[in-house]
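**Student:** Before I ask anything, let me first share the structure, which is written out below as structure tokens.
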Amino acid sequence: MLQIKPILAALKRHKAGTILIALQIALTLAIVCNALFIIQQRLDRIARPTGMIETDLLTLQNRWVGVDDEKTGPLIRADVQAIRQLPGVEDAISINSYPLRGGGWSTGVRTNPDAKKSETHTTQYFVDDHALATMGLKLVAGRNFRSDEIVEMDPKAVVASSQIMVTKTLADKLFPDGSGLGKVVYVDDGTKPSTIIGIVERLEVPWNSSWSDTFLDNAVLLPYQLTGGGTSYMVRSKPGQLAAITKSVPETLYKLNRMRVIPSERGVRTYDVVRAQAYKSDRGMAILMGVVCLVLLAITAAGIVGLTSFWVGQRRKQIGVRRALGATQRDILSYFMTENLLIGVAGVVVGALLAIGMNLWLVTQFEMARLSLVYVAVGVVALLLLGQGAVLAPAMRAARVPPVEATRSV
Amino acid sequence: MFGYYLDLALRSLRRNKTLTALMVLAIALGIGASMTTLTVLHVLSGDPMPGRSATLFYPQLDPQDMDGYEPGKEPMQQVTWIDGMNLLHAKRGLHQALMTGGAVPVQPAQSGMDPFYADARYTSDDFFAMFQVPFLFGRGWSEADDNDKARVVVITRTLNDKLFAGKDSTGQTLRMGDSAFRVIGVLDSWRPNPHFYDMNMGNYVASEDVFLPLTTARELRFDHNGSMDCWGTGGGDEEHLETAPCVWLQFWVQLSSTGDAAAYKEYLLHYSQEQKAMGRFQRPPNVRLPALMEWLDINKVVPGDVRLQTWLAFGFLLVCLVNTVGLMLAKFLRRSGELGVRRALGASKREVFAQLLVESGVIGLAGGAGGLLLAFLGLWLVRKQPSDYAALAHLDMSMLLITFLLAVGSSLLAGLLPAWRACQITPALQLKSQ
């Protein structure tokens, strides 16, 4: 570290180059920090659990054609019965929507019917007593619906049900002391009370856009089978039979009656596909950010190598003089390493400020959270190491300059 | 002289191939990334109705009750049936149309074809004239058809190809939802981007396949899609949508000139006051009249991710340029000796400067060409994505030109500082140190 003064003196003669490397390091740091942060946010979203057991699960979209919306109840019942009897099928339900499908019912929920504002938002899933088994939900308190509690319901005339199941998150939100089971709540802004008879560990809402983030795990299960123009089916296969039932279920449905449309696109999807499609843009963004980071780091490293190589070439004579005057190869190596470290430190200091500034700007422009300083710290270390790594090769070349160079002219 | 400089530049670039490749690659990557994202942004934020968008307006009223009233809040995004019909029949604009989206079950006459749902638009007669919708065969319906709830339908070219093998199908019968409709028009390809007239369907979806009168669709109780906001005791009950306190329709008006907007807004204000006097509206009149492009801004149609990617790409380009500036600076300064000789032999500062700029221009051109290739590759990748707008991502002439200007401009800019620094050297000093 004794060498800092002469290094600074030498850098003064290369002001433009020094500033450019520092600037490049600073910009790279700012972009990489924010990109890493965005990647982490997207990965967090993708990793969110739905609360279901997602293996061996099949989803279907069915729309009726040429049937009155009110008269589809028996047809849906027949469909579900037929699917449940298929070989390879563990269980099946008809449901209005499911996690990551997009599109569903959302409503307010309150514990006091006279309250003007609802306490929180929730989604509503209309299911029967097979929902827990089909979706693979974990009941943590209370009981499941009984088959005699299931009622057919016109979606245009849905009223609150006297018995409901809710997710633990919703129960704890409404009753923070954890005493939700058996309590009465008011769903759908109505005054008809609903008693919580069961609590499931977790079940996500059907949406995965940011607007539902505030009530992501709030769900109410109602013992209704909706009629209407369309419905979703969820089918759980016996282990390893998913591929087989993906073919047999739609075939069976069409054989049962043809007054239906199962769309060719998104009509029949295994849950893996549902998940992949729901998070495709998030994953794409994360990959893009990752690629940009890597390319940026590579370019910055290449820039450092290039510029340092020039400096080494330019100073061969001076290096030779130093060597002739007794400097060891180590001294020369550490000279260039220290020089790079000094520039790097200047760069990362500016870069850290830039990164935070850029994040503050992104927060105002996009739906972004505040950057955690951990990312800045990681980025700082990474860029300093990158600089040291990049400078190593030219510095070693400098160290190998023989003392005799001092006697040569250019 | 230019030819000679070019020759010098090529010689110099050949001398250090790795470095040249690095500079070209960095510029190419920066340009490629910027152009890909900029093209997507350009496509997505384009004007769906060029030449006409300035005279298309989307009137907003505030028909809600006093519950949750906050002065100055944005009025509702759609209109009720009553207000929509009132504005439609008032005919205060050049053209006006009331509409909503929907889905209709189509029952093909061919035995081999399963019934399917087609996206539909239920609207009024002026829709086609107002939005300059091109017709392949036939025409749109008339006001009389709207009033008579006529069973007439206009289909797109795609659907016509599918159902009628692309022949002129006007006069043919199309069965939808158990009713027989007469095809009166077939549209030519038409895909305004964004899907500005109803953004509930997705901002960049293709246009609907089936168009029929709103009044007919209501009489047959066809499913309507989109968002519906109700207030008070209102429910979105299908049977009473005409009277329900719910907004679920889009109303567009075309005025003869932009200058008429103030008068139309005045009319909306009077209308609101009148409705308030009648007791239908409760809130103080709160009307807006955004023009098409303003409406797109209000709705933030361009996805945040796309804007974010564009900023990222330009940040990337900036780093690439700083990198190139640094490398060129080092390169030019290293040639101080050579430049000193040229200066001593009589070349002026200007000439040396020009010579070095030619060299950086060559790098810029090569980088620009590479960037263009990368942009084509990038856009091809974008088109593979599942988003609504994926198919739209194509490079047009203006973007092509911008790419090249950006490439050459930025690398000349990158060459400026190094060239200036390099021609500042004193020839005598350089020669002495030789």
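**Student:** Scanning for something away from chain A (no Cβ under 14 Å), surrounded by 18 or more Cβ atoms within 10 Å (Cβ to Cβ), modelled with pLDDT of 85 or more and within 29 Å of the chain's Cα centre (by Cα), does the stretch B:22-38 turn up at least one residue?
**Tutor:** First pass over the stretch B:22-38, keeping only residues away from chain A (no Cβ under 14 Å): B:35, B:38.
From the residues that got through so far, the ones that are surrounded by 18 or more Cβ atoms within 10 Å (Cβ to Cβ) too are B:35, B:38.
Still in the running and modelled with pLDDT of 85 or more: B:35, B:38.
Still in the running and within 29 Å of the chain's Cα centre (by Cα): B:35, B:38.
Within the stretch B:22-38, one or more residues are away from chain A (no Cβ under 14 Å), surrounded by 18 or more Cβ atoms within 10 Å (Cβ to Cβ), modelled with pLDDT of 85 or more and within 29 Å of the chain's Cα centre (by Cα).
**Student:** Within the stretch B:46-57, identify whether any single residue is within 30 Å of A:Ile304 (Cα to Cα) and among the hydrophobic types (A, V, I, L, M, F, W, C), and answer yes or no. Outline the logic, then answer.
**Tutor:** In the first step, residues of the stretch B:46-57 are kept if they are within 30 Å of A:Ile304 (Cα to Cα); the result is none.
No, every residue in the stretch B:46-57 fails to be within 30 Å of A:Ile304 (Cα to Cα) and among the hydrophobic types (A, V, I, L, M, F, W, C).
**Student:** Would you check which residues across the stretch A:165-187 are surrounded by fewer than 21 Cβ atoms within 10 Å (Cβ to Cβ) and more than 27 Å from A:Ile46 (Cβ to Cβ) and list them?
**Tutor:** A:Leu174, A:Phe175, A:Pro176, A:Asp177, A:Gly178, A:Ser179, A:Leu181, A:Gly182, A:Lys183, A:Val184
**Student:** Name, by its number, the condition in (1) away from chain B (no Cβ under 14 Å); (2) of a type outside the set (A, V, I, L, M); (3) over 28 Å from A:Val205 (Cα atoms) that does not hold for A:Gly73.
**Tutor:** Evaluating A:Gly73 over (1) away from chain B (no Cβ under 14 Å); (2) of a type outside the set (A, V, I, L, M); (3) over 28 Å from A:Val205 (Cα atoms) leaves (3) as the failure.
**Student:** Only residues that are over 16 Å from B:Ala206 (Cβ atoms) and more than 13 Å from every other protein chain (Cβ to nearest Cβ): list them for the stretch B:113-135, please. Quick ask: steps written out before the conclusion?
**Tutor:** In the first step, residues of the stretch B:113-135 are kept if they are over 16 Å from B:Ala206 (Cβ atoms); the result is B:113-115, B:122-130, B:132, B:135.
Of everything in the stretch B:113-135, those that are over 16 Å from B:Ala206 (Cβ atoms) and more than 13 Å from every other protein chain (Cβ to nearest Cβ) turn out to be B:Tyr122, B:Thr123, B:Ser124, B:Asp125, B:Asp126, B:Phe127, B:Phe128, B:Ala129, B:Met130, B:Gln132, B:Phe135.
**Student:** When the stretch A:350-378 is examined, which residues are found to be away from chain B (no Cβ under 13 Å), more than 13 Å from A:Ala35 (Cβ to Cβ) and either charged (D, E, K, R) or in contact (Cβ under 8 Å) with a residue 40 or more places away in the chain (or both)?
**Tutor:** The first filter runs over the stretch A:350-378 and keeps only residues away from chain B (no Cβ under 13 Å), leaving A:352-353, A:356, A:360, A:369-378.
Of the ones still in play, those that are also more than 13 Å from A:Ala35 (Cβ to Cβ) are A:352-353, A:356, A:360, A:369-370, A:372-374, A:377.
Once the filter is applied, which keeps residues that are away from chain B (no Cβ under 13 Å), more than 13 Å from A:Ala35 (Cβ to Cβ) and either charged (D, E, K, R) or in contact (Cβ under 8 Å) with a residue 40 or more places away in the chain (or both), the stretch A:350-378 yields A:Ala352, A:Ala369, A:Arg370, A:Ser372.
**Student:** Looking at the stretch B:381-398 only, could you name the residues that are touching a Ser or Thr at 6+ places or on another chain (Cβ under 9 Å) and within 13 Å of chain A (Cβ to nearest Cβ)? Steps first, answer last, please.
**Tutor:** Taking the stretch B:381-398 first, the residues touching a Ser or Thr at 6+ places or on another chain (Cβ under 9 Å) are B:381-382, B:385-387, B:393-396.
The answer is B:Leu381, B:Val382, B:Gln385, B:Pro386, B:Ser387.
**Student:** A follow-up question, please. Could you go through the stretch B:315-335 and let me know if any residue there is hydroxyl-bearing (Ser, Thr, Tyr) and at pLDDT 85 or above.
**Tutor:** Checking the stretch B:315-335: at least one residue is hydroxyl-bearing (Ser, Thr, Tyr) and at pLDDT 85 or above.
**Student:** In the stretch A:293-311, which residue that is buried (at least 21 other Cβ atoms within 10 Å of the Cβ) and of a type in the set (Val, Ile, Thr) is nearest to the other protein chains (Cβ to nearest Cβ)?
**Tutor:** So, considering only residues that are buried (at least 21 other Cβ atoms within 10 Å of the Cβ) and of a type in the set (Val, Ile, Thr), the one nearest to the other protein chains (Cβ to nearest Cβ) is A:Ile299.
**Student:** Within the stretch A:7-54, restricting attention to residues that are over 21 Å from A:Leu362 (Cα atoms) and free of Cβ contacts under 8 Å to residues at least 12 places away in the same chain, which residue is nearest to the other protein chains (Cβ to nearest Cβ)?
**Tutor:** A:Ala16
**Student:** Let me ask you something else. Any chance the stretch A:126-143 includes a residue that's over 30 Å from the mean Cα position of the chain (by Cα) and surrounded by fewer than 15 Cβ atoms within 10 Å (Cβ to Cβ)?
**Tutor:** yes
**Student:** Any residue in the stretch B:189-215 that is closer than 17 Å to B:Thr156 by Cα sitting within a Cβ distance under 7 Å of a residue that is surrounded by fewer than 18 Cβ atoms within 10 Å (Cβ to Cβ) and of a type in the set (Phe, Trp, Tyr)? List the pairs, counting only those 6 or more apart or interchain.
**Tutor:** That search, which allows pairs on different chains as well, returns B:Ser207/B:Trp190.
**Student:** Continuing with this model, one more query. Tell me which residues, restricted to the stretch B:321-348, are more than 52 Å from the chain's Cα centre (by Cα) and at the interface with chain A (Cβ under 9 Å from one of its Cβ atoms).
**Tutor:** Within the stretch B:321-348, just B:Gly337 meets the criteria.
**Student:** Looking at B:Ala375, B:Ala391, B:Ala414, B:Ala428, which one is at pLDDT below 85 and either among the β-branched types (Val, Ile, Thr) or crowded, with 17+ Cβ neighbours inside 10 Å (or both)? Write out each step before concluding.
**Tutor:** Details: B:Ala375 fails: at pLDDT below 85; B:Ala391 fails: either among the β-branched types (Val, Ile, Thr) or crowded, with 17+ Cβ neighbours inside 10 Å (or both); B:Ala428 fails: either among the β-branched types (Val, Ile, Thr) or crowded, with 17+ Cβ neighbours inside 10 Å (or both).
On inspection, the qualifying residue turns out to be B:Ala414.
**Student:** Just a yes or no: is a residue in the stretch A:64-78 free of Cβ contacts under 8 Å to residues at least 40 places away in the same chain and more than 23 Å from A:Val220 (Cα to Cα)?
**Tutor:** Taking the stretch A:64-78 as the starting set, the residues that turn out to be free of Cβ contacts under 8 Å to residues at least 40 places away in the same chain are A:68, A:74.
When the remaining residues are screened for being more than 23 Å from A:Val220 (Cα to Cα), the result is A:68, A:74.
Yes, the conditions are met somewhere in the stretch A:64-78.
**Student:** Identify all residues within the stretch A:204-230 that are away from chain B (no Cβ under 14 Å) and under 18 Å from A:Gln81 (Cβ atoms); write none if there are none.
**Tutor:** Result: A:Pro223, A:Tyr224, A:Gln225, A:Leu226.
**Student:** Condition (residue is surrounded by fewer than 18 Cβ atoms within 10 Å (Cβ to Cβ) and of a type outside the set (Phe, Trp, Tyr)) applied to the stretch A:204-211: is it met by at least one residue?
**Tutor:** Of the residues in the stretch A:204-211, the ones surrounded by fewer than 18 Cβ atoms within 10 Å (Cβ to Cβ) are A:209-211.
Applying the additional criterion that residues be of a type outside the set (Phe, Trp, Tyr) yields A:209-210.
Looking through the stretch A:204-211, at least one residue is surrounded by fewer than 18 Cβ atoms within 10 Å (Cβ to Cβ) and of a type outside the set (Phe, Trp, Tyr).
**Student:** Let me ask something additional. Look through A:Lys317, A:Lys238 and report the one residue that is within 11 Å of chain B (Cβ to nearest Cβ), touching an Asp or Glu at 6+ places or on another chain (Cβ under 7 Å) and over 30 Å from B:Ala313 (Cα atoms). Break it down into steps so the answer makes sense when it comes.
**Tutor:** On the way: A:Lys238 fails: within 11 Å of chain B (Cβ to nearest Cβ).
Exactly one residue qualifies, and that residue is A:Lys317.
**Student:** Here's a follow-up. Can you confirm whether the stretch A:101-112 contains a residue that is more than 19 Å from A:Gly267 (Cα to Cα) and in contact with a helix residue (DSSP H, G or I) (Cβ under 6 Å, 6 or more places away or on another chain)?
**Tutor:** Keep residues of the stretch A:101-112 that are more than 19 Å from A:Gly267 (Cα to Cα), which gives A:105-112.
From what's left, in contact with a helix residue (DSSP H, G or I) (Cβ under 6 Å, 6 or more places away or on another chain): A:111.
Taking every residue of the stretch A:101-112 in turn, at least one turns out to be more than 19 Å from A:Gly267 (Cα to Cα) and in contact with a helix residue (DSSP H, G or I) (Cβ under 6 Å, 6 or more places away or on another chain).
**Student:** Considering B:Arg221, B:Arg175, which residue is outside any loop (DSSP other than H, G, I, E, B) and modelled with pLDDT of 85 or more?
**Tutor:** Values: B:Arg221 fails: outside any loop (DSSP other than H, G, I, E, B).
Within the list B:Arg221, B:Arg175, the selection yields B:Arg175.
**Student:** Can I ask one more? Taking A:Ala141, is it closer than 26 Å to A:Thr55 by Cβ, at pLDDT below 95 and outside any loop (DSSP other than H, G, I, E, B)? Before you say what the answer is, go through the steps one by one.
**Tutor:** Details: closer than 26 Å to A:Thr55 by Cβ: yes; at pLDDT below 95: yes; outside any loop (DSSP other than H, G, I, E, B): yes.
It is true that A:Ala141 is closer than 26 Å to A:Thr55 by Cβ, at pLDDT below 95 and outside any loop (DSSP other than H, G, I, E, B).
**Student:** Is it the case that A:Ser237 is touching a residue at least 24 places away in the same chain (Cβ under 8 Å) and not β-branched (Val, Ile, Thr)?
**Tutor:** Working: touching a residue at least 24 places away in the same chain (Cβ under 8 Å): yes; not β-branched (Val, Ile, Thr): yes.
When the stated conditions are applied, A:Ser237 passes them.
**Student:** Sort out which residues of the stretch A:241-262 are at pLDDT below 90 and either more than 11 Å from every other protein chain (Cβ to nearest Cβ) or within 28 Å of the chain's Cα centre (by Cα) (or both), and write them in order of number.
**Tutor:** A:Asn257
**Student:** Taking A:Thr270, is it buried (at least 20 other Cβ atoms within 10 Å of the Cβ), in contact (Cβ under 8 Å) with a residue 12 or more places away in the chain, polar (S, T, N, Q) and away from chain B (no Cβ under 13 Å)?
**Tutor:** Working: buried (at least 20 other Cβ atoms within 10 Å of the Cβ): yes; in contact (Cβ under 8 Å) with a residue 12 or more places away in the chain: yes; polar (S, T, N, Q): yes; away from chain B (no Cβ under 13 Å): yes.
When the stated conditions are applied, A:Thr270 passes them.
**Student:** A:Val249: of a type in the set (A, V, I, L, M) and outside any helix (DSSP H, G or I), yes or no?
**Tutor:** Values: of a type in the set (A, V, I, L, M): yes; outside any helix (DSSP H, G or I): no.
So A:Val249 fails the test.
**Student:** Tell me which residues, restricted to the stretch A:1-31, are polar (S, T, N, Q) and under 16 Å from A:Met337 (Cα atoms).
**Tutor:** A:Gln3, A:Thr18
**Student:** Out of the residues in the stretch B:272-296 that are touching a Pro at 6+ places or on another chain (Cβ under 8 Å) and without any contact (Cβ under 8 Å) to a residue 40 or more places away in the chain, state the one that is farthest from the other protein chains (Cβ to nearest Cβ).
**Tutor:** Looking at residues that are touching a Pro at 6+ places or on another chain (Cβ under 8 Å) and without any contact (Cβ under 8 Å) to a residue 40 or more places away in the chain, I get B:Gln273.
**Student:** Take the residues in the stretch A:233-264 that are out of contact with any Ser or Thr (no Cβ under 8 Å at 6 or more places or on another chain) and among the β-branched types (Val, Ile, Thr), then tell me which one is surrounded by the most Cβ atoms within 10 Å (Cβ to Cβ).
**Tutor:** Ranking the candidates gives A:Val249 first.
**Student:** In addition: Can you confirm whether B:Val253 is within 14 Å of chain A (Cβ to nearest Cβ) and either surrounded by 17 or more Cβ atoms within 10 Å (Cβ to Cβ) or part of a loop (DSSP other than H, G, I, E, B) (or both)?
**Tutor:** Details: within 14 Å of chain A (Cβ to nearest Cβ): no; either surrounded by 17 or more Cβ atoms within 10 Å (Cβ to Cβ) or part of a loop (DSSP other than H, G, I, E, B) (or both): yes.
For B:Val253, the condition - within 14 Å of chain A (Cβ to nearest Cβ) and either surrounded by 17 or more Cβ atoms within 10 Å (Cβ to Cβ) or part of a loop (DSSP other than H, G, I, E, B) (or both) - is not met.
The values are calculated or read from the model by the stated rules, or taken from the named source; none is laboratory data. Please read these numbers as outputs of a predicted model, since none were measured by experiment. Note that each Cβ is placed from the backbone with ideal geometry, even for glycine, and that neighbours are counted across all protein chains shown.
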